[in-house]
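Have a look at the structure below before the remarks.
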Amino acid sequence: MDNDNPRLDTYYAELRQHHLGPLWNSIGRLMTHEPRPRAEAHLWRWSDVRRYVMESGTLVVPDRGGERRVIFFANPGFQELEPWGWGAMTNTLYAGVQLLLPGEKAPSHRHNQNAIRFVLEGRGAYTIVEGERIDMEPGDFLITPAGLWHDHVHAGTEPMLWFDCLDIPLLYQLGVMFFENYPDYNQPITKPSGYTEKRYQTSGLRPIQDRRTVYAPQAVFKWRSTQDALRRLAELEPDPYDGYGVEYVNPATGEAAGITIGAAMQLLPSGHHTQAHRHVHSTIYHVFRGSGYSVINGVRFAWHAGDTFVVPNWAWHEHHNTGAEDAYLFSTHDAPVMERLGLEREESYPDGYQPVTGEYPG
Ligand code: 1HN
């Protein structure tokens, strides 16, 4: 609708001064034909991440104020917003790797962001979530739902490393963040030992009182159960796009255990190559075990155990286990948000597999 009316130049300048804007010049940017997330497909090598995380252990200690010793992933797509990329891995999700050393304690606090954790290395540390002590072992998946007091204590002898994912960018965009410190440095343990395991030993059965208390009742999902579930699933037909995959759910409701943050573990047997698809939700992958590659929008990202990579919203993706061992891909995603808002969509790639047009890193 632009034209050569001589008044338009000064008109636009005046609009800007009054903090107003002409829609006819902006509609293409405001409403793209397809999702154009700021997040970019990217991969972080474990050798780099681990080295810097371990070095942080010689530089700083967890305390009130800093609260946690975490190195977070800064998706390059957000780089221009803030020096540290705004702590965003995708448009809705933040992720990082946390280090707790023997004898250390991270202070108790609560916030309205949801958090999930996936344990990478070490033993002997536990987290306390609303009075429940949860011991952490590699492969365990833990949740810290919004609003619950939580702190970490290391009673073991080796460094503990875990992967954190929070819905920080989502709450930041919504302008709704709250954060509060517990009056003491750590909270008391008030629940019986093994509380979660005692309540949820068999899937498909829930304690009767969960009809009333459905708020994220299961605090931890042990690696042994996850792996058993995947091995049983692997005796059946794989999903064309996800191979053999299980999602961590709230056993009382069947909804995502992490509330706004969905999480899954996929098993790809040696040689397995999933077909390509895309969906509106965004996904962060952490390679728990194995090696292979993923093709994301035509670019091949080779991965090994410990690497972390991002599949932004609406990006074509497929995974191929090229190693001799089973590959296990842990992932977190924002499908629960997309589904609740009625925004989710999915498409299969027409020919199953994408032509590879590039290699990462270029
Ligand atoms: C937090 O509370 C944890 O509890 C980890 O371990 C990462 C990032 C931002 C804000 C709070 C934790 C966090 C966090």
Test: residue in segment 151-162 that is among the polar types (S, T, N, Q), open to solvent by 30 Å² or more (accessible area, probe 1.4 Å), closer than 30 Å to R51 by Cβ and more than 20 Å from the chain's Cα centre (by Cα): yes
Which listed residue, of P238, P251, is touching an Asp or Glu at 6+ places or on another chain (Cβ under 9 Å), open to solvent by 40 Å² or more (accessible area, probe 1.4 Å) and not polar (S, T, N, Q): P251
Total residues in segment 219-228, condition in a loop (DSSP other than H, G, I, E, B) and surrounded by fewer than 21 Cβ atoms within 10 Å (Cβ to Cβ): 1
Test: residue in segment 328-349 that is in a loop (DSSP other than H, G, I, E, B), touching a residue at least 60 places away in the same chain (Cβ under 8 Å) and β-branched (V, I, T): no
Considering residues of segment 46-78 that are of a type outside the set (A, V, I, L, M) and exposed (fewer than 10 other Cβ atoms within 10 Å of the Cβ) only, the residue modelled with the lowest pLDDT: G65
Members of segment 1-24 found to be assigned to a helix (DSSP H, G or I) and of a type outside the set (V, I, T), listed by number: L8, D9, Y11, Y12, A13, E14, L15, R16, Q17, L23, W24
Exclusive hit being touching a His at 6+ places or on another chain (Cβ under 8 Å) and more than 16 Å from the ligand (Cβ to nearest atom), set W24, W46: W46
Some residue of segment 95-113 being within 20 Å of H281 (Cα to Cα), within 12 Å of the ligand (Cβ to nearest atom), at pLDDT 95 or above and open to solvent by less than 10 Å² (accessible area, probe 1.4 Å): yes
Residues of segment 192-218 classified as open to solvent by 70 Å² or more (accessible area, probe 1.4 Å) and in a loop (DSSP other than H, G, I, E, B), total: 11
Subset tally (residues that are crowded, with 17+ Cβ neighbours inside 10 Å and more than 16 Å from H272 (Cβ to Cβ)) for segment 283-299: 6
Options P183, P138; residue that is more than 30 Å from R38 (Cβ to Cβ), open to solvent by 50 Å² or more (accessible area, probe 1.4 Å) and not in a strand (DSSP E or B): P183
Residue in segment 26-39 that is hydroxyl-bearing (S, T, Y) and either open to solvent by 100 Å² or more (accessible area, probe 1.4 Å) or part of a helix (DSSP H, G or I) (or both) present: no
Unique residue being among the hydrophobic types (A, V, I, L, M, F, W, C), exposed (fewer than 12 other Cβ atoms within 10 Å of the Cβ) and farther than 30 Å from P102 by Cβ when the list is L23, L43: L23
Where G87 falls short, out of the listed (1) away from the ligand (no atom under 14 Å from the Cβ); (2) modelled with pLDDT under 95: (1)
Scan of segment 1-46 for residues that are within 30 Å of A315 (Cα to Cα), of a type outside the set (A, V, I, L, M) and without any contact (Cβ under 8 Å) to a residue 40 or more places away in the chain, ordered by number: W24, N25, S26, G28, R29, T32, H33, R36
First in segment 65-76 and free of Cβ contacts under 8 Å to residues at least 24 places away in the same chain, second anywhere and of a type in the set (V, I, T), Cβ under 8 Å, 6 or more apart: G66/V60
Evaluation of S47 against (1) part of a helix (DSSP H, G or I); (2) under 17 Å from L166 (Cβ atoms) (one fails), failing number: (2)
Test: D307 is open to solvent by less than 10 Å² (accessible area, probe 1.4 Å) and either touching a Ser or Thr at 6+ places or on another chain (Cβ under 9 Å) or not aromatic (F, W, Y) (or both): yes
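The values are calculated or read from the model by the stated rules, or taken from the named source; none is laboratory data. As the structure is a computational prediction, the values presented were derived from the model and not from experiment. Cβ coordinates were reconstructed from backbone atoms using ideal geometry, including for glycine residues, and neighbour counts include every protein chain displayed. Ligands, DNA and RNA are stripped out before the accessible areas are found, and what is left, the full protein with its side chains, is counted by its heavy atoms. Shrake-Rupley method; radii C 1.70, N 1.55, O 1.52, S 1.80 Å.
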